[in-house]
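The values are calculated or read from the model by the stated rules, or taken from the named source; none is laboratory data. Worth saying up front: this structure is predicted, and the values here are computed from it rather than measured. Heads up, the Cβs are rebuilt from the backbone with ideal geometry, glycines too, and the neighbour counts pull from every protein chain shown. Just so you know, the surface numbers come from the protein's heavy atoms only, side chains and all, with ligands and any DNA or RNA stripped out. Shrake-Rupley method; radii C 1.70, N 1.55, O 1.52, S 1.80 Å.
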Amino acid sequence: MGKIKYLARINCLQPIPCNPCETSCPFGAIYIGDDITNRPVLKSNKCRGCGICVAACPGIAITMAMITGEDNDYVAIPYEYYPMPNIGDVVTLVDSNGVELGKGTVDKFSKPNKNDPTTLVHVVVDCSITDRAVGIKKHVINDDPIICRCEEIFESEIVEAIRKGDRTVEAIKRRTRSGMGICQGKTCNRLVANIIARETGIGANEQMPSSKRPPVGVISIKELSQE
Amino acid sequence: MINTELLIIGGGPAGLAAGIEAGKLNVKTIIVDENSLPGGQLFKQIHKFFGSKEHKAGIRGNKIGEQLLSEVSETGVEVYLNTRAWGIFDDNIVGIVKDGKTEKIKAKKIILATGASENALAFPGSTLPGVMTAGAAQTFINVHRVLPGKKIVMIGTGNVGLITSYQLMQAGAEVVAIVEAAPSVGGYDVHANKIRRAGVPIYLGHTIVEAQGNMEVSGAILAPVDDKFKADKSKSFFIDCDTICFAVGLTPRIELAQMANSPTIYISALGGHVPLHDQKLKIADSIFAAGDIAGVEEASTAMEEGRLAGVAAAIELGKINQVDGIEKVNNIYQRLAKLRSGQFGMKRALAKEEIIRKELELRGGVE
Amino acid sequence: MRIIKHPILGDVKEKKKVNINVDNRQVEALEGEPIAAALMAAGIRAFRRTIKTGEPRGVYCGIGQCNDCIMEVNGVPNVRTCVTLVEEGMIIRTQIGLGKSGDLDD
């Protein structure tokens, strides 16, 4: 056994007429031959884990893996979407069909070929999934935004309050605290009214504004007590 | 307890104009404003105003602000800065916090000129640093002279969104996209065309579905909307940016009017719930409202409304005889009518009529 | 980034420099500007972490209304940095949750 390093892993499954992996490899580690529909064969002893073939493959069908012999291995996966994950982010690894395998942590990024924009995301994974982990699940938009910035009340909480029967900004304020924070509803009252309108059909014009009491704005108890 | 004839809450265009009129008529007047500088949002408006000469048209907002301040100081009106009016109580007593202490002001007449606050949007990432109101961006570039970011996505094509985009470019930022859910631009074409000539793409029929970034904004995801303004996320796309600004309307700041038990009415053309008022902007016994609190319009209308409230308060205080007072009021009506005319102003003119009609109904139709 | 040259407002006039300390880092500010402007000029945009989700926040309304830009200033938490002017030697800290009062040395 040589020292621990990345090795290319080829997931090319069909006899496609294509050979950039073979021609791009500076070390002659991939063999296809004259018939370019042959499926590529990796010569592990010649592969140096440089990743050039990963960037060269038109099918995004090559990844790299580094088997450490410990609990955690590394995989390097080409990722061509925005947003890129951040270093330290936990991402979901998938197999070649997109089936979720488990989580991994982003370790670093690399660009194997400086003339090619394809970026490799290096992910620390549990050794039990190394063999099959050839993709990172694409970032999916989280659909639950914060409505009340001060009290950190999410849209799902507002919708839940409406399901429980609340029909006014005031009632939702009392149930969820949306609008009870330091800005006193200046930002969220309108948003809550819009959600009520969307969920119930009661238009903003049919709703009452939430009740207002002193003090308007932030005043410290000290200021209030010193007359 | 501080006693005064007139207390004006808010030192923006409406409040200052009210103070100037009242001061000229020898009304003992105090203006309170929570900021360290009066002028409200005029000082960030470095563009020339529309209107005609009598509305100070063609003059930049910040210059109008300077003019108002010098007029106020000539009239001898007292201005309390860094002073927050935090509540309004029986017998026209207003609680303020000034120099770290609570005080009470008892005024014979009160004018509320508290303005409006900017509307928000909520979507994943909308609380990230780098997402801010258009007004915040405008304050930083034009007052503090600091860029909030280099690549801006502006949400909203009303005049605020268009003007702020133009001013961000004047300040050296790049506006990479302006996004509008409606099928057409909301503001004046002249403002939109300035932006188009600068090569900024305006995405009509689009919305923002996500702000991306870890510790601060590093991009935006936009998507087209259907005819119910629902985003089609399957057609979403990424735009590289570091700042996202909201220019999606303003809501009148009516808290103090509510505390004064003024009934309110929701009028979309004026930004939402506004206090009912009579022809002289009176919303309750001895209390008037002027400017954006009485319906979001422009600074030019706010100044006229301020003058109207200032004169109306002076008439009630007996500082000007009825004949002269009514002449002054009529002149202001004429100037206001001009600002509320045409395709853009008519909606607001009708909305104002509705407010006055509803208020009259509520009082039992007695003039 | 500061806007030195401006086609309408003209060039920035020389202003007195004020030193402030932000999370143990020396930041140069200009006399008369709010803390938030100095931080933004220095490229700092995340001013605090919220109490429930721990997410970062910064300037939102810029005019003292929303209270999103609050930080600990000279040991006092919940100070609105967009409307609080810089002072020489001011000690400013990222506010975590509700923040801490006093004890500048710990």
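For an R0 of 30 angstrom, estimate the FRET efficiency from the Cβ-Cβ distance between B:Gln343 and B:Gln67 and round to the nearest 0.05. Given R0 = 30 Å and the Cβ-Cβ separation, E is 0.50.
Normalised by the number of residues in chain C, the mean separation of alpha-carbon contacts (under 8 Å, six or more apart) gives a relative contact order of 28 percent. If you sort A:Leu224, A:Leu101 by accessible surface, 1.4 Å probe, largest first, the order is A:Leu224, A:Leu101.
Loop-located trypsin sites (Lys or Arg not before Pro) in the stretch C:1-93 (DSSP state not H, G, I, E or B) with no more than 12 neighbouring Cβ atoms inside 10 Å: C:Lys5, C:Lys13, C:Lys15, C:Lys16, C:Lys52. Count Lys and Arg as plus one, Asp and Glu as minus one, and take only other residues whose Cβ is under 12 Å from that of B:Phe123; the net charge is then -3.
Note on the protein assembly as shown: dipole from Cβ charges, positive end direction compared against C:Ile20, B:Thr301, B:Val274; the farthest Cα belongs to B:Thr301. Cα centroids of the stretch A:148-195 and the stretch B:39-77: 38 Å apart. GNM remark for chain A: springs join alpha carbons under 10 Å apart, and the peak mean-square fluctuation among A:Thr37, A:Thr176, A:Thr63 falls on A:Thr176.
Given axes a ≥ b ≥ c from the Cα gyration tensor, I'd like to know whether chain A is rounded (a/c under 1.5), prolate (a/b larger than b/c) or oblate. Cα axes put chain A in the prolate bin. Surface calculation, 1.4 Å probe, protein heavy atoms: A:Lys46 sits at approximately 90 Å² accessible.
Under 18 Å of direct C-alpha separation, and excluding same-chain neighbours fewer than eight residues apart, C:Lys17 reaches these aspartates and glutamates: C:Glu28, C:Glu31, C:Glu33, C:Glu87, C:Glu88. Centre-to-centre, using Cα atoms only, the stretch B:114-173 and the stretch B:337-367 are separated by 32 Å. With a 1.4 Å probe rolled over the protein heavy atoms of all chains, the accessible area of A:Tyr82, C:Tyr60 falls in the order A:Tyr82, C:Tyr60, largest first. The phi-based Karplus calculation (6.51 cos²θ - 1.76 cosθ + 1.60; θ = phi - 60°) puts the 3J(HN,Hα) values of the stretch A:91-106 at 10, 9, 8, 10, 8, 5, 9, x, 6, 5, 10, x, 9, x, 10, 5 Hz, whole numbers, x for Gly and Pro. Between the stretch C:15-69 and the stretch A:47-78, the C-alpha centres lie 43 angstrom from each other. Straight-line reach from C:Lys13: taking Cα to Cα under 24 Å and skipping same-chain neighbours fewer than 8 places apart, the lysines in range are B:Lys44, B:Lys48, B:Lys63, B:Lys150, C:Lys5. Starting from the Cα gyration tensor of the stretch B:120-246, take the square roots of the eigenvalues, sort them a ≥ b ≥ c, and report rounded, prolate or oblate (rounded when a/c is under 1.5, otherwise prolate if a/b is larger than b/c, else oblate). Oblate shape, in that a/c is at least 1.5 and b/c is the bigger or equal ratio. The accessible-area ordering, largest first, of the residues B:Ser70, A:Ser225 stands as A:Ser225, B:Ser70, per a 1.4 angstrom probe. Amide H to amide H, with H built 1.01 Å from N, B:Glu210 comes under 5 Å of B:Ile221, counting only residues 5 or more places away or on other chains.
So what does B:Glu34 come to for accessible area, using a 1.4 Å probe and Å² rounded to 10? Answer for B:Glu34: close to 70 Å² accessible. In summary, the lysines within cross-link reach of B:Lys106, defined as a Cα separation below 23 angstrom excluding same-chain residues under 8 places away, comprise A:Lys212, A:Lys222, B:Lys24, B:Lys28, B:Lys98, B:Lys280, B:Lys282, B:Lys319. Considering only A:Pro145, A:Pro85, A:Pro26, the Gaussian network model of chain A with Cα springs below 10 Å gives its largest mean-square fluctuation to A:Pro145.
Close amide-amide hydrogen proximity is noted between B:Ile267 and B:Gly272, B:His273, B:Val274, each under 5 Å apart and 5 or more residues distant or on a separate chain (H modeled in the peptide plane; Pro and chain starts excluded). Summing +1 for each Lys or Arg and -1 for each Asp or Glu among the other residues whose beta-carbon sits under 14 angstrom from that of A:Glu151 gives +3. Each of C:Asn21 and B:Leu204 was given a label point 7 Å from its Cα along the Cα-to-Cβ line. The distance between the two points is 5.7 nm.
For chain A, the relative contact order works out to 13 percent when only alpha carbon pairs closer than 8 Å and six or more residues apart are counted. Let me check I've understood the local charge: for B:Lys328, count other residues with C-beta under 14 angstrom from its C-beta, Lys and Arg +1, Asp and Glu -1. What total comes out? For residues surrounding B:Lys328, the net value is -2. With the whole protein complex present, A:Cys127 retains an accessible surface near 60 Å², based on a 1.4 Å probe.
Treat each spin label as a single point 7 Å out from the Cα along the C-beta direction, and report the A:Ser225 to C:Lys52 distance in nm. Simple spin-label model gives 2.9 nm for this pair.
Between the amide H of C:Leu30 and those of C:Val18, distances stay under 5 Å, these residues lying 5 or more places away or on another chain, with hydrogens modeled in the peptide plane.
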